[in-house]
Amino acid sequence: MSCFSGDPNFCPECGNVLPLPGAPDTIKCPRCEFIIPVKELANQVITSSVVFNPLEVMVSTGDTEEDAELKGPVIDRRCSRCNKEGMVYHTRQMRSADEGQTVFFTCIHCRYQEKEDS
């Protein structure tokens, strides 16, 4: 007895996607070896569609490069220059892949930058 039913693109036994029919008169499920005669799918229309996401227009917000360094997550870290709480960080893989990444911190008050190798 079949566990799945309804869509001819899927195996009625295991639900796996069925391959397109080939030269033989059967379709064999690659997962569970279930065999379906091609005649059972005769006169069935199988349709598919491709839906593309709409293109979003890139709008320049006028942010300068200086403002870009202050974007990102703000953490509770004390700046070593102005001694105020609040720094923004971003990470980069500066060394080889088997090494840790480098974390760059920027103070949101005085824009002092620190780096930490993790």
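Laboratory data are not the source of any read-out in this text; all were calculated from the coordinates shown. This one's a predicted model, so the numbers in the text were calculated from it and none came from an experiment.
With Rh defined as the Kirkwood radius, the inverse of the mean 1/r over Cα pairs, the Rg/Rh of the stretch 75-114 is 1.09. Mind checking which lysines have their C-alpha under 22 Å from Lys84, skipping anything on the same chain fewer than 8 residues away? Within reach: Lys71, Lys115.
Bridging of Lys39 to lysines at a Cα separation below 27 Å is possible for Lys28, once same-chain residues fewer than 8 apart are set aside.
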